[in-house]
Ligand code: HEC
C-alpha cells in the first residue's frame, strides 16, 4: 500500500509539469498565430523552435522593432515555449 502511494505520488509529480507545458503550448501557439503570421508564415517561427532563450529573446525583440504589437508577458510566454 505504501509502495502504491509512492508510485502514485511520483506519477503526480511527473504529470504536473506535463500539464503545465501543455498549457504553455496552447497559450504560446495562440499568441504566435495571432501576432507572428502577419509578415511571414508561422513556419518561419516553428522552424527555429528549440533554439536558445537568448536567440529567441533577441529575435522577438527584433520582431517587435519591426512593429509586432505584443505585451512583455506575451513575449516572455513565446520565448519560453520556443526555446524548449
Ligand atoms: C512587422 C512584420 C513582422 C512581424 C509581425 C513578425 N516578423 Fe518575424 N520577421 C520579419 C522580417 C522582415 C523577417 C526577416 C528579416 C530578419 O530576419 O530580421 C523576419 C524573420 C523572422 C525569423 C527568421 C529569423 C532567422 O534568423 O532565421 C523568425 C524566427 C521570426 N521572424 C519570428 C517571428 C516571431 C516569433 C514573430 C511574432 C512575435 C514575428 N516573427 C513577427 C517581420 C515580422
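One residue stands out among those in region 47-84 that are within 10 Å of the ligand (Cβ to nearest atom), closer than 16 Å to residue 25 by Cα and free of Cβ contacts under 8 Å to residues at least 24 places away in the same chain: the one that is nearest to the chain's Cα centre (by Cα), which is 75. Scanning region 20-56 for residues that are closer than 14 Å to residue 79 by Cα and at pLDDT below 95 gives a single hit, 21.
The values are calculated or read from the model by the stated rules, or taken from the named source; none is laboratory data. What you are looking at is a predicted structure, and each value in this text was computed from that prediction instead of being measured. Quick reminder, even Gly has a Cβ in these numbers, built from the backbone with ideal geometry, and neighbours come from all protein chains shown.
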